[in-house]
Amino acid sequence: MKKALITGITGQDGSYLAEFLLSKGYMVYGLTRRTSTVNNERIKHIQEKITLVQGDLLDQNSLSNALVEVGPEEVYNLAAQSFVGTSWNQPVLTGEITALGVVRMLEAIRMVNPKIKFYQASSSEMFGKVVESPQTERTRFYPRSPYGVAKAYGHYITVNYRESYSLFACSGILFNHESPRRGLEFVTRKITHGVARIALGLQKEISLGNLHSKRDWGFAGDYVEAMWLMLQQDFADDYVIATGENHSVKEFVELAFKYAKITNWEKYLKIDKKLLRPAEVDFLIGNATKAKKVLGWTPKVSFNDLVKLMVENDIKREKENQRV
């Protein structure tokens, strides 16, 4: 039975990946930081089936110890300071975790067991102010936030360790992927959560920043399969994972209100200039041809179905919260 260690297992992607690997018969281990308040909400339904081990991407020894303790064949590095907005307020911490945390894990693998296969969660935010569309594995990076810059470091250090030490190290350049498990600080979930509360008479408006940004949005549950497929290949490589279509924040808002059966959505929307970023990423759309050809991967959940899934889940959740 294969063993996999997931950093960031309590996050959106970590929880979906843990479910997926369990369905494949893996023994699943999750690396978690020691904190005074533990948030295992996303994995509570599978907590009896997985094993949590303590470790921190800021601490080299803890990563080596975790690898010795678990003895995994595969490591999926999904942990990061992953919110772009926060990276402007905490740029140094973002660099420590999202950039240097990657090299700490790669060093741990190199020293403990260089046969471990490694997956790095790269991001479309590395493309930033795009130099070509759609973006492929060969598109030059032009990150526009401390988060994007940190992810670019993590991406290149993964390539570097693959080429320098012959590690099986892959990066998945994942475009935006959402789900009902998305954190409330992310714009998609902020929208669906706010729309659900408006539909139930619990909230009067949603405050948003730039409505014109366009993103290539997919479903997180689809994207974790691509992560796994990368580590099942004969050779390590990097892949863009995307739907190949993009939509504006405004389109997302309109659809969310539609699925909540609310008309005149504009009256519930407030534009707050404080929510605008110092440097904005306006237009992202990915070309996943390589992933489709080599991995045999294709996204299954459409944009419309994704918005509907998130809105319906948030309405259900808010109704349950009201009953408690």
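Could you tell me whether the range 131-147 includes any residue that is over 17 Å from residue 241 (Cβ atoms) and not in a loop (DSSP other than H, G, I, E, B)? If you could, list the steps in order and put the result at the bottom.
As a first pass, look at the range 131-147 and keep what is over 17 Å from residue 241 (Cβ atoms): 131-132, 140, 142-147.
Next cut, not in a loop (DSSP other than H, G, I, E, B) only: 146-147.
Taking every residue of the range 131-147 in turn, at least one turns out to be over 17 Å from residue 241 (Cβ atoms) and not in a loop (DSSP other than H, G, I, E, B).
For the range 51-72, give me the residue count where each residue is open to solvent by less than 30 Å² (accessible area, probe 1.4 Å) and farther than 13 Å from residue 7 by Cβ. Full working, then the answer.
Here is the first cut: in the range 51-72, the ones open to solvent by less than 30 Å² (accessible area, probe 1.4 Å) are 53, 55, 57, 62-64, 66-67, 70, 72.
Next cut, farther than 13 Å from residue 7 by Cβ only: 64.
Of the residues in the range 51-72, 1 are open to solvent by less than 30 Å² (accessible area, probe 1.4 Å) and farther than 13 Å from residue 7 by Cβ.
Can you give me the ranges of the strands (runs of 3 or more DSSP E) entirely in the range 10-115 with at least 1 residues that are touching a strand residue (DSSP E or B) at 6+ places or on another chain (Cβ under 7 Å) and within 18 Å of residue 181 (Cα to Cα)? Working first, answer last.
Values: elements: 27-32, 50-54, 74-77.
Per the criteria, 27-32.
Looking at the range 167-215, which of the residues that are part of a loop (DSSP other than H, G, I, E, B) and acidic (Asp, Glu) is nearest to residue 271 (Cα to Cα)?
Initially, the range 167-215 is screened for residues part of a loop (DSSP other than H, G, I, E, B), giving 167-168, 175-176, 179-186, 200-205, 209-213.
Next, only the ones that are acidic (Asp, Glu) stay: 185, 205.
Details: 185: 16, 205: 10 Å.
Step by step, filter the range 167-215, then rank; the result is 205.
Quick check on my filter: what residues within the range 172-187 are among the hydrophobic types (A, V, I, L, M, F, W, C) and touching a residue at least 60 places away in the same chain (Cβ under 8 Å)? Break it down into steps so the answer makes sense when it comes.
Narrowing the range 172-187 to residues among the hydrophobic types (A, V, I, L, M, F, W, C): 173-175, 184, 186-187.
Residues satisfying the conditions are 173, 174, 175, 186, 187.
If I go through the range 194-222 residue by residue, how many of them are at negative phi and open to solvent by 40 Å² or more (accessible area, probe 1.4 Å)?
As a first pass, look at the range 194-222 and keep what is at negative phi: 194-200, 202-222.
Imposing the further condition that a residue be open to solvent by 40 Å² or more (accessible area, probe 1.4 Å) reduces the set to 197, 199-200, 202-205, 210, 212, 214.
Counting residues in the range 194-222 that are at negative phi and open to solvent by 40 Å² or more (accessible area, probe 1.4 Å) gives 10.
The values are calculated or read from the model by the stated rules, or taken from the named source; none is laboratory data. Just so we're clear, the structure is a prediction, and the values are computed from it rather than from any experiment. No Cβ is skipped: glycine too gets one built from the backbone with ideal geometry, and neighbour counts run over all protein chains shown. Accessible surface is based on the protein model in full, side chains and every heavy atom, while ligands, DNA and RNA are left aside. Shrake-Rupley method; radii C 1.70, N 1.55, O 1.52, S 1.80 Å.
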